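Following: one structure in structure tokens, then a few remarks.
The values are calculated or read from the model by the stated rules, or taken from the named source; none is laboratory data. The structure displayed is predicted, hence computed values, not measured ones. Here Cβ is always computed from backbone atoms with ideal geometry, including for glycine, and neighbour counts include all displayed protein chains. Keep in mind that these areas ignore ligands, DNA and RNA; they rest on the heavy atoms of the full protein, side chains included. Shrake-Rupley method; radii C 1.70, N 1.55, O 1.52, S 1.80 Å.
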Amino acid sequence: MYQFFVEEEQVHSDSISITGGDVNHIKNVLRMKNGEKIRVSSKSGQAYFCHISSILDDEVIAAIDSADETGTELDNHIVLYQGLPKGDKMELIIQKAVELGVSEIVPVAMKNCVVKLDEKKAGKKLQRWQAIAESAAKQSKRTVIPVVKQPVTYKEALKSASELDITLVPYENERGATREIMGQLKAGQTIGVVVGPEGGFAPEEIALVDENAAMHRISLGRRILRTETAGLAALAMLVYNLDV
């Protein structure tokens with residue numbers, strides 16, 4: 001069943017109006033017909049099971065069959081603070097993090113980041129990253145589209161993370177504590193995950209983590225994981241502890 005997202009004003013009492021680029025996708029790419037089942041989510045997070053009742057030139061009308069009361073979202077708001085990686089690794093990270101249930105993704109400029117984004121490049125990258133997040137949300141039947149934030153400095157990231165209930169920091173030199181910390185997590189908590197870039201955390205960056213009682217270094221095992229693997233491994237652990 002294909003997934004689509006709409007604005008609140010497109011949802012009516014018994015039908016939903018789908019407009020924009022999704023019309024062409026439904027008509028000419030998916031070649032869908034009247035009567036076919038789809039799932040539609042509004043930006044507020046409410047999802048509906050629908051069937052297509054009318055396909056027009058610039059609009060698709062979906063009749064609402066029932067509301068999806070269960071949904072697909074975690075009970076926790078999870079923010080991934082990702083140290084900026086090289087090349088197109090960020091695209092993979094965003095795609096998989098969205099599939100794993102992350103709520104926000106915040107690119108972070110750290111001391112050992114090779115990539116340096118100026119404002120012009122950041123704007124273009126952000127637009128593409130958000131499009132990837134939306135595509136992944138559709139594929140994984142998310143009820144909401146996670147937001148990819150503007151890149152921030154490391155200190156800005158820690159300030160933001162300090163406002164969450166708990167923040168996990170996968171660190172290659174940490175041993176133990178992971179099971180205990182994961183076991184203490186509860187539904188409804190806001191959770192941050194801070195992941196270093198290819199060069200890892202600088203000593204002074206880890207020192208700032210240790211100064212905050214709500215931030216916890218965790219281990220992801222005895223092997224050294226790439227930056228594009230570490231965050232996804234931590235998110236998978238969270239899904240195991242909170243969603244299965």
| query | Among the residues of region 50-83, which ones are among the aliphatic types (A, V, I, L, M) and open to solvent by less than 50 Å² (accessible area, probe 1.4 Å)? | reply | ILE52, VAL60, ILE61, ALA62, ALA63, ILE64, ALA67, LEU74, ILE78, VAL79, LEU80
| note | For region 227-244 the number of residues that are open to solvent by less than 50 Å² (accessible area, probe 1.4 Å) and acidic (Asp, Glu) is 1
| field | Only listed residue being open to solvent by less than 20 Å² (accessible area, probe 1.4 Å) and either farther than 27 Å from ASP75 by Cβ or not polar (S, T, N, Q) (or both), chosen from ALA187, ALA157, ALA177 | value | ALA157
| remark: With criteria (1) farther than 18 Å from GLY231 by Cα; (2) among the β-branched types (Val, Ile, Thr); (3) touching a residue at least 12 places away in the same chain (Cβ under 8 Å), VAL98 comes up short on (1)
| remark: Restricted to region 1-16 and to residues being touching a strand residue (DSSP E or B) at 6+ places or on another chain (Cβ under 6 Å) and hydroxyl-bearing (Ser, Thr, Tyr), the residue most open to solvent (accessible area, probe 1.4 Å) is TYR2
| query | Failed condition for LYS86, given (1) within 30 Å of VAL169 (Cβ to Cβ); (2) buried (at least 17 other Cβ atoms within 10 Å of the Cβ); (3) among the basic types (Lys, Arg), with all others met? | reply | (2)
| task | Return only the number of the condition from (1) touching a Lys or Arg at 6+ places or on another chain (Cβ under 8 Å); (2) surrounded by 19 or more Cβ atoms within 10 Å (Cβ to Cβ); (3) under 30 Å from ALA202 (Cβ atoms) that ALA47 does not satisfy. | result | (3)
| remark: Flagged in region 119-154 as surrounded by 18 or more Cβ atoms within 10 Å (Cβ to Cβ), out of contact with any helix residue (DSSP H, G or I) (no Cβ under 7 Å at 6 or more places or on another chain) and farther than 15 Å from SER103 by Cα, in numbering order, are LYS125
| query | Got at least one residue in region 19-42 being open to solvent by less than 70 Å² (accessible area, probe 1.4 Å), within 22 Å of GLY101 (Cβ to Cβ) and touching a residue at least 40 places away in the same chain (Cβ under 8 Å)? | reply | yes
| In region 223-244, which residues are of a type outside the set (A, V, I, L, M), closer than 22 Å to GLY83 by Cβ and assigned to a helix (DSSP H, G or I)? | THR227, GLU228, THR229, GLY231
| remark: When (1) closer than 30 Å to TYR48 by Cβ; (2) surrounded by 13 or more Cβ atoms within 10 Å (Cβ to Cβ); (3) of a type in the set (Val, Ile, Thr) are applied to ILE218, the one that fails is (1)
